[in-house]
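Beneath this line is the structure, given in structure tokens, with notes to follow.
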Amino acid sequence: MPTDIVMDAGTYKTVLYSGGKIVLEQPSAVSVDTDTYEPLAFGDKAKAMFGRTPPNITTVFPVERGVISDYQVAEAMIVHFIKSIFGNRIFKPRVIVVVPSYVTTVQHHSLANAVAAAGCRNISTIESSVASAVGLGIDFTKPHGSMIVDIGGGTTDIATLSLGGVVSNDTLRVGSIDFDDAIEKYVRREKNILIGGETAEHIKKTIGSAVKRDFSVTVTAKGRHLFSGLPETFEISSGEVYEAISDQLGLIKKSCQSVLEKSEPDVVADISHDGIYLLGGGARLYGMEKMLSDYLDVKVNFIDDPRRSALNGADKVLKNPKIVKNSDYQYRSIQNLIVNDVF
């Protein structure tokens with residue numbers, strides 16, 4: 001039975017969306033045999049092994065910043081995810097893959113080929129900023145400016161759009177994973193303690209902030225002392241976390257400013273009236289909305305379910321490509337990068 005599938009293979013997670021709902025949401029992780037490179041576990045099971053494996057097992061994250069970095073493992077992961085949900089019940093499903101705007105034609109085809117290995121034949125791609133705009137219900141028939149800021153796991157996609165076309169855009173290779181890395185480095189430098197990615201992520205989610213809090217909050221965490229090699233418990237405050245990730249936050253602010261500066265004045269005027277749409281998992285960091293609003297002096301609209309907007313939009317375009325027909329830039333991208341013409 002044919003069906004439609006939207007796939008977002010991100011740095012952190014791979015999401016499959018079909019029938020108006022998320023049918024799979026798993027970490028983009030695979031544990032492999034170190035000697036044979038044969039996959040042993042996928043998704044949650046593989047991520048749980050990370051940092052806890054014996055020498056004969058390695059956990060691989062085959063997607064880096066929206067781009068496949070290990071094709072063999074990525075193909076096995078995508079095949080496993082699609083077949084674990086749909087099995088052999090579908091025949092040549094139509095698939096649309098959400099990708100960052102900076103992805104090259106070769107990288108588009110690499111993703112498409114990995115999806116094709118799962119038995120899918122009708123495959124297309126769409127940039128995340130355009131997919132998000134469609135999902136938010138932005139009318140592509142009108143000459144009206146809009147701005148999307150999508151902070152993902154490995155990238156931040158920023159774009160101004162009008163008539164469905166991209167007026168100005170930038171993909172910053174900074175995302176949630178860089179906040180975690182910055183926290184790890186800060187704890188090592190300032191406290192002489194080594195922590196893993198999961199601990200850094202927990203600290204970020206618990207007390208991380210994009211702005212200075214009125215009242216400092218702290219969290220207790222554990223790691224390994226750099227010199228003694230023994231377990232060590234430490235405290236870290238929200239102010240320290242803010243200091244640790246301030247460089248990454250600064251890059252996001254300046255990139256947003258740069259995209260606005262490169263946009264037409266009338267487009268910027270429309271954005272000033274409607275506000276910026278803030279999406280992505282990284283947008284959930286405390287104070288992100290206020291940080292951008294204060295820096296850019298523009299209202300910021302935080303979307304309640306930021307991850308779903310791009311999925312909904314891509315699903316709509318897959319079912320009705322005429323939605324983006326006014327977008328000469330995006331329509332060409334879909335046509336040129338398609339594997340088998342589903343339109």
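No value in this document is a laboratory result; all are computed from the given coordinates. For clarity, every value in this text was computed on a predicted model and none was experimentally measured. Reconstructed Cβ throughout: ideal geometry from the backbone, glycine too, with neighbour counts over all protein chains shown.
The base-10 log of I(q)/I(0) for the stretch 69-191, evaluated at q = 0.11, 0.14, 0.15, 0.19 Å⁻¹, reads -0.53, -0.78, -0.86, -1.08 [Debye formula, identical scatterers on Cα atoms, solvent excluded]. For the stretch 143-262, the spherically averaged projection of the C-alpha convex hull amounts to 8.3 nm². When the charge dipole of the chain is built from unit charges on Cβ atoms (+1 for Lys and Arg, -1 for Asp and Glu) and taken about the Cα centre, the candidate among Ala159, Ser228, Val97 whose Cα reaches farthest toward its positive end is Val97. DSSP bridge analysis restricted to the chain gives an antiparallel fraction near 70%, rounded to the nearest 5.
Between Lys299 and Asn320, the modelled label-to-label distance comes to 2.7 nm, taking each label 7 Å out from Cα in the direction of the beta carbon. Basic side chains Lys and Arg get +1 at the Cβ, acidic Asp and Glu get -1 at the Cβ, and with that the dipole of the chain about its Cα centre reaches some 720 debye. Radius of gyration over Kirkwood radius for the stretch 177-245, both on Cα atoms: the Rg/Rh ratio is 0.95.
Springs between Cα atoms under 10 Å define the GNM used for the chain, and in it the highest mean-square fluctuation of Pro321, Pro62, Pro27 occurs at Pro321.
Counting each DSSP H run of 4 or more residues in the chain as -39500 (n - 2.57), what helix-only mean residue ellipticity at 222 nm follows after dividing by all residues, to the nearest 500 deg cm²/dmol? Intermediate values should be presented prior to the final figure.
Values: 11 runs with 136 residues, N = 343.
Mean residue ellipticity, 222 nm, calculated: -12500 deg cm²/dmol.
For the pairs Lys83/Lys316; Lys13/Lys45; Lys253/Lys290, flag any whose C-alpha to C-alpha distance is greater than 20 Å. Where the Cα-Cα span goes over 20 Å, the pairs concerned are Lys83/Lys316. In a reduced charge model with +1 at each Lys and Arg Cβ and -1 at each Asp and Glu Cβ, the stretch 201-246 shows a dipole moment near 120 debye about its Cα centre. Note on the chain: the alpha carbon radius of gyration divided by the globular reference 2.2 N^0.38 Å gives 1.03. As a proxy for reagent exposure, Asp270, Asp247, Asp157 were ordered by neighbouring Cβ count within 10 angstrom, fewest first; the result is Asp247, Asp270, Asp157. If R0 is 51 Å, the Cβ-Cβ spacing of Ile22 and Phe227 corresponds to a FRET efficiency of close to 0.65.
Here the stretch 126-193 has an Rg and Dmax of 16.7, 56 Å, counting Cα atoms alone.
Working value for the stretch 93-136: equivalent-ellipsoid semi-axes of 19, 14, 5 Å, each the square root of 5 times a Cα gyration tensor eigenvalue, largest first. Once you keep just the Cα pairs under 8 angstrom separated by 6 or more residues, what percentage relative contact order results for the chain? The normalised contact order for the chain reaches 19 percent. How many percent of all Cα-Cα pairs in the stretch 1-93 sit more than 18 Å apart? In whole percent, the share of Cα-Cα pairs in the stretch 1-93 beyond 18 Å is 44. With just the Cα atoms defining each centre, how far is the stretch 36-78 from the stretch 218-272? Give it in Å. The stretch 36-78 and the stretch 218-272 have Cα centres spaced 27 Å from each other. Among Thr53, Thr11, Thr199, the largest mean-square fluctuation in a Gaussian network model of the chain, built with springs joining Cα atoms closer than 10 Å, belongs to Thr53. Considering the dipole of the stretch 125-283 built from charges on the beta carbon (Lys and Arg +1, Asp and Glu -1) around the Cα centre, which of Tyr186, Ser255, Val130 is farthest to its positive end? Checking the options against the dipole of the stretch 125-283, the answer is Tyr186.
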